[in-house]
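Each remark here refers to the structure printed beneath this line.
The values are calculated or read from the model by the stated rules, or taken from the named source; none is laboratory data. On a predicted model such as this, the values are computed, not experimentally measured, just so you know. Reconstructed Cβ throughout: ideal geometry from the backbone, glycine too, with neighbour counts over all protein chains shown.
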Amino acid sequence: MIEGFQDHYLNLGVDPDANEEQIRDAFRARLLEIHPDKSVHPRDPEEMRTVLEAYDVLSNLDMRDAYDKLWKLVSSAGPNLTSAIPHITESERPAARARSVLFLLLEERGDEALERIGELKPGGRLFLRQHLTTGEFVDACFLVGELLEGKKNWVNALEWYEELIRIEEKRNHNRPCYPEARDRARRLLLKRTNINLDPRVGLEYLRRAELLGLDKTGRIEVAKKRAHCYLQMEMKVEAARHLNEVLRLQPQARGLERIREALLGYLDE
């Protein structure tokens, strides 16, 4: 197996054709083996994480089906994965071209993956959506989004995260990357409103962030930003409504002197 690829069957100690009961029994046995309260010798916390992740994937029929396709391809590649990655110019098979991108992402060859995505027509994301399984495509979206975010290409990173979210929010069993993708998308949407954008664009970003769910701190931040956006548009009544929401949630909020002065006579206080 290649570096970075988790062999979930090996981590649970079961054969690839193991049934649900065998996987469940193996999971329980491994937990007893590595649990700190049951083990004489100290165990690496990473070992527990890999066992939990393995069971999470293999106990879910959809996730296991997608993982098995990837496992078979990676297993057949042996130590030299690159020989099993069909280059776009070497294969016209759409599924092979799409999976070559996924393999490059898994092998942390991000620049090569982005280059191949750019060469796919009619569009990289659409091409991958059409020719990868749903699970594979969701994982690819997360890896590309993470890669682009690392390059500070926040707009495009957000597009990949939001594509992932649109798919996963309709599914009963979500991929492990779904919660983190929501957090990352929410953070990017809020970050974008710190830039000198058209206030209407800022309000749209804030609306999308709110749809992803906000805690109290997030609600305060969104309300502050909405108040500033509406003030830029000279809609003082609406700006005051959102600033009142900030003051209701955080009466001692600081750094609001200028906007409070601008909305004098419009606030509840």
Being under 24 Å from Asp183 (Cβ atoms), among the hydroxyl-bearing types (Ser, Thr, Tyr) and buried (at least 19 other Cβ atoms within 10 Å of the Cβ) is the filter here; which residues of the stretch 212-240 pass it?
none
When you scan the stretch 13-28, do you find a residue that is within 28 Å of Val101 (Cβ to Cβ), at pLDDT 80 or above and surrounded by 12 or more Cβ atoms within 10 Å (Cβ to Cβ), even just one?
yes
Answer yes or no: is there a residue in the stretch 170-178 that is modelled with pLDDT of 90 or more, in a helix (DSSP H, G or I) and either surrounded by fewer than 20 Cβ atoms within 10 Å (Cβ to Cβ) or in the same structural domain as His228 (by TED's automatic domain parsing) (or both).
yes
Kindly indicate the residue of the stretch 241-267 that is among the small types (Gly, Ala, Ser) and closer than 24 Å to Asp215 by Cβ and also surrounded by the most Cβ atoms within 10 Å (Cβ to Cβ) among those meeting that condition.
Ala253
Just name the residue that is modelled with the highest pLDDT out of those in the stretch 89-113 that are surrounded by fewer than 16 Cβ atoms within 10 Å (Cβ to Cβ) and closer than 18 Å to Arg129 by Cα.
Pro94
I'd like to check something: does the stretch 196-216 contain any residue that is closer than 30 Å to Ala95 by Cα and either assigned to a loop (DSSP other than H, G, I, E, B) or not acidic (Asp, Glu) (or both)?
no
Counting only residues that are within 24 Å of Arg192 (Cα to Cα) and more than 12 Å from the chain's Cα centre (by Cα), the stretch 125-147 contains a total of 1
Restricting to the stretch 105-149, and then to whatever is part of a loop (DSSP other than H, G, I, E, B) and either in contact with a Lys or Arg (Cβ under 8 Å, 6 or more places away or on another chain) or touching a residue at least 24 places away in the same chain (Cβ under 8 Å) (or both), can you tell me which residue is farthest from Asp68 (Cα to Cα)?
Leu120
Scan the stretch 223-251 and report the pairs whose first residue is within 20 Å of Leu197 (Cβ to Cβ) and assigned by TED's automatic domain parsing to the domain that holds Gly213 and whose second residue is aromatic (Phe, Trp, Tyr) and surrounded by 17 or more Cβ atoms within 10 Å (Cβ to Cβ), with Cβ atoms within less than 7 Å and a gap of 6+ or a chain change.
Glu238/Tyr230; Ala239/Tyr230; His242/Tyr230
